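In what follows, a single structure is set out as structure tokens and then discussed.
The values are calculated or read from the model by the stated rules, or taken from the named source; none is laboratory data. These figures come from a predicted structure and were not determined experimentally. Quick reminder, even Gly has a Cβ in these numbers, built from the backbone with ideal geometry, and neighbours come from all protein chains shown. The area values use the complete protein model at the heavy-atom level, side chains included, leaving out ligands, DNA and RNA. Shrake-Rupley method; radii C 1.70, N 1.55, O 1.52, S 1.80 Å.
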Amino acid sequence: GKVALKQAEESLRVLEATTPLDLTAAERAGRIAEEDLARHLEVDRPMNEKSARFMLEGAQNSLEYEMEELRQLEKMYNADDLTEETEEIILKRQRNAVKRAEFSLELAKIRCEQALEIGLPRDDEAIEDSTLRAKLARAKARVTLPLALRAENMELEKLKVEQARGNEKLQKLLADREAMIVTAPADGIVYYGRCVRGKWSGAASVAEKLRPGGSILANDVFMTIVKPGPMFVRAAVPEKELHWIRPELKGTGRPTAFPDMRLAAAVAEVDPIPSSAGSFEARIRVSLKKQAEAIMPGMECSVKLVPYLNKKALTVPATALGTDPLDDQKHYVVRVGKDEKQKKQRVVIGKKAGDRVEILKGLSEGDEVLLEYPKDKQ
């Protein structure tokens, strides 16, 4: 993003600086090529051709001069009285000079022919080709260099637009991330899932959703913050036992994880509406001291409450009681006297606890009754 944009800006800056130089260089190369072609056609080629012919003509003249001098020497030596030996030396030298002139003429002819028929036409072609290439390069530079500069400008603008869009997207992502930051409303312990009446549910499925690539639906409770204290116990009270439970009823709690631990408990409230069929929910406060720091929300415990205590209560087994068929408020036992004589005795009952029933009136301590109330007495 930023690096690519910086590189593009630097590249554009260099291209803006070099494009006029490149155009000027192309124009200069084209002008020099045209000037070279014009000079070649007007000056260099005619002069090279003239030079080749002049050298050939000079060689011919040299040969003629040497041959003429040889003839004159031969003519002169035939008329004078020089010794034959001196005469032979001079003539030999002149004959050699003629041979050299003949060779120079032959070489001049070859070079003149090469220059006129090969060298100069090739030079013409090379200069014309170079001039044409320079013209084409100049024409191309006039078109491509401005286009390249324009393309670089467009690429830079494109990068700027992309960077602006990237920045806008980044700001949206940052805003989304800011919106996704969940600030805990209170100190506590984070639990996966949600707590429903003291029981945690959905922890396994939530953990799967919280892995990389997972997704969470809107309004889906995936995390719950729980304060370690104060803590209370949710207890299900059967409808038949509801009359025993009342606010501030004292008792003792025993954590399942720590069976030797005892916690002071007291009923805080009882819901008047059933939480399920035949069951009511009670909230029971427990006192957590330092030794109970290991107890965490969601653990189980049992609570023992004592709704009624009469240490002097007189009780009989529930099987010893009989009821008046016409009035279920009238209760009887069969009392056994000292003479083993049985007598139906009406009693007033109090509280019931398991298989024991409290007797308020009708019996005294030490009285004996039948363990099973006879059916024929019903």
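Could you size up the charge dipole of the chain around its Cα centre, putting +1 on the beta carbon of Lys and Arg and -1 on that of Asp and Glu, and report it in debye to the nearest 20?
Details: 63 positive and 63 negative charges, 1315 e Å.
Charge dipole of the chain: 6320 debye, to the nearest 20.
Sort out for me the Cα centre separation of segment 313-378 from segment 14-75, rounded to whole Å.
153
Given contacts defined as C-alpha pairs under 8 Å and at least six residues apart, what's the relative contact order of the chain, whole-number percent?
11 percent.
What aspartates and glutamates sit close enough to residue 140 to cross-link, taking a C-alpha to C-alpha distance under 17 Å and skipping anything fewer than 8 places away on the same chain?
22, 27, 34, 129
Counting only pairs 8 or more places apart or on different chains, how many lysine pairs in segment 291-378 have C-alpha atoms closer than 18 Å?
Number of lysine pairs found: 25.
Treating cross-link reach as a plain straight distance, find the lysines whose alpha-carbon is under 21 Å from the alpha-carbon of residue 209, omitting any fewer than eight places away in the same chain.
Cross-link targets: 199.
Would you list, by chain and number, the lysines whose Cα falls below 25 Å from the Cα of residue 75, excluding same-chain residues fewer than 8 positions away?
Candidates past the 8-residue exclusion: 92, 99.
Starting from the eigenvalues of the Cα gyration tensor, five times each then square-rooted, give me the equivalent ellipsoid semi-axes of segment 225-372, largest first, whole Å.
Result for segment 225-372: semi-axes of 42, 18, 11 Å.
With charges set only on the Cβ (+1 for Lys and Arg, -1 for Asp and Glu), what does the dipole of segment 307-378 come to about its Cα centre, in debye to the nearest 20?
Dipole size: approximately 220 debye.
Please compute the volume of the convex hull spanned by the alpha-carbon atoms of segment 134-175 and report it per residue in Å³. Provide the component values of the computation, followed by the final result.
Numbers: hull volume 1.4 nm³, N = 42.
Cα-based convex hull of segment 134-175, divided per residue, equals 34 Å³.
Computed from the coordinates I sent, Cα extents along the principal axes in Å equals one of (1) 213, 47, 42; (2) 78, 52, 38; (3) 59, 42, 36. Tell me the label.
(1)
Per DSSP H run of n ≥ 4, the term is -39500 (n - 2.57); total these for the chain, divide by its residue number, and report the mean residue ellipticity at 222 nm rounded to 500 deg cm²/dmol.
The helix contribution divided over the chain gives -16500 deg cm²/dmol.
Nearest 10 degrees, 0 to 90: what angle lies between the long axis of helix 120-180 and the longest principal axis of the chain (Cα atoms)?
For 120-180 against the chain, the angle is about 10 degrees.
Using only Cα atoms, figure out Rg for segment 255-314 and give it as a multiple of 2.2 N^0.38 Å.
1.40
When each pair of different Cα atoms in segment 1-154 is counted once in the 1/r mean, what is the Kirkwood radius in angstroms, to one decimal? Don't skip to the end; give the middle numbers.
On the way: mean 1/r = 0.0469 Å⁻¹.
After inverting the pairwise mean of 1/r, the radius is 21.3 Å.
Roughly speaking, to the nearest percent, how much of the chain's 1.4 Å accessible area is carbon and sulfur?
54
Could you state the angle between the C-alpha long axis of helix 45-79 and the longest principal axis of the C-alpha atoms of the chain, as a value from 0 to 90 degrees rounded to the nearest 10?
Computed tilt is about 30 degrees.
Label-point separation (nm) for residue 25 and residue 217, each offset 7 Å from Cα along Cα-to-Cβ?
6.9
Compare the peptides 185-194, 32-41 by average per-residue count of other Cβ atoms within 10 angstrom and give them in order, highest first.
Peptide ranking by packing, descending: 32-41, 185-194.
List the residues whose amide H sits under 5 Å from the amide H of residue 301, counting only those 5 or more places along or on another chain, with H placed 1.01 Å from N in the peptide plane.
256
For segment 130-228, list log₁₀ I(q)/I(0) at each q in 0.11, 0.19, 0.21, 0.24 Å⁻¹, using the Debye formula over Cα point scatterers of equal strength and ignoring solvent, two decimals each.
Scattering profile of segment 130-228, log10 relative to I(0): -0.61, -1.01, -1.11, -1.22.
Compute the acute angle (0 to 90°) between the alpha-carbon long axis of helix 2-39 and the principal axis of greatest extent of the alpha-carbon atoms of the chain; round to the nearest 10°.
For helix 2-39, the angle is close to 10 degrees.
Note down the magnitude of the dipole of segment 140-247 about its Cα centre, charges +1 on Lys and Arg C-beta and -1 on Asp and Glu C-beta and zero elsewhere, to the nearest 20 debye.
Around 120 debye, computed over segment 140-247.
Putting +1 on Lys and Arg Cβ atoms and -1 on Asp and Glu Cβ atoms, find which of 70, 136, 18 reaches farthest to the positive end of the dipole of the chain.
18
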